[in-house]
Amino acid sequence: VELHDTYRAVSTIDDAIGFLERDETLPSLISASGVGWALLAQLAADAVGGGRQRTEPIRQAQEHLRRNFAKPVSVPDLARTAGLSPSHFSALFRAATGGGVVEYTKRLRMARARELLITSSRTIADIATAVGYTDAFYFSRQFRTVHRCSPSDYRSGNRGA
């Protein structure tokens, strides 16, 4: 398997060794095995994602979207930045994430909206704007589609959680 992040894999292995060197108590052994499973999960994700040259442009696009999720999204602009055609970029992005750019951005926006609904007293309209929706009613419809409840219901049901 071609590792996408060699330093992360080495760090994970160092963590496992650290737990094993500490002692042979059950908590240390469980911790070491947990780190081992994390390494296996990383290797599996790298194998599914394909080679680094194939996934690096997509990883960069994902990071760009995470930093700029509230801004308008343009697949041709992302593809141009990655040095790929829009259709090739879209196919690679879908293979790496399980969905398209618009769906990925919507998930990022909804995650931030959930966080704001629980942790702030901002209005629904303010939250909609903060996560990139110019129309609060459209945001509410999108939120309801994803979460099967309105933003207000989500807020009231998760405030004390």
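Quick check on this structure: which one of Pro76, Pro72 is in a loop (DSSP other than H, G, I, E, B) and loosely packed, with under 13 Cβ neighbours inside 10 Å?
Residue meeting the stated conditions: Pro72.
Which ones in the stretch 14-54 are at pLDDT 90 or above, among the β-branched types (Val, Ile, Thr) and part of a helix (DSSP H, G or I)?
Ile17, Ile30, Val35
Among (1) more than 18 Å from the chain's Cα centre (by Cα); (2) under 19 Å from Tyr154 (Cβ atoms); (3) in contact (Cβ under 8 Å) with a residue 12 or more places away in the chain, there is one condition Asp135 misses while meeting the rest; what is its number?
Among (1) more than 18 Å from the chain's Cα centre (by Cα); (2) under 19 Å from Tyr154 (Cβ atoms); (3) in contact (Cβ under 8 Å) with a residue 12 or more places away in the chain, Asp135 violates only (3).
Working carefully through the options Leu117, Leu92, Leu108, find the one that is crowded, with 17+ Cβ neighbours inside 10 Å, of a type in the set (A, V, I, L, M, F, W, C), in contact with a Lys or Arg (Cβ under 7 Å, 6 or more places away or on another chain) and under 13 Å from Ser152 (Cβ atoms).
Leu117
Select from the stretch 82-115 the residues that are hydrophobic (A, V, I, L, M, F, W, C), more than 13 Å from the chain's Cα centre (by Cα) and closer than 18 Å to Thr145 by Cβ and list them in ascending order.
Val102, Ala113
The values are calculated or read from the model by the stated rules, or taken from the named source; none is laboratory data. This is a predicted model, so every value here is computed, not measured. Ideal geometry is used to build each Cβ from the backbone, glycine not excepted, and the neighbour counts take in all protein chains shown.
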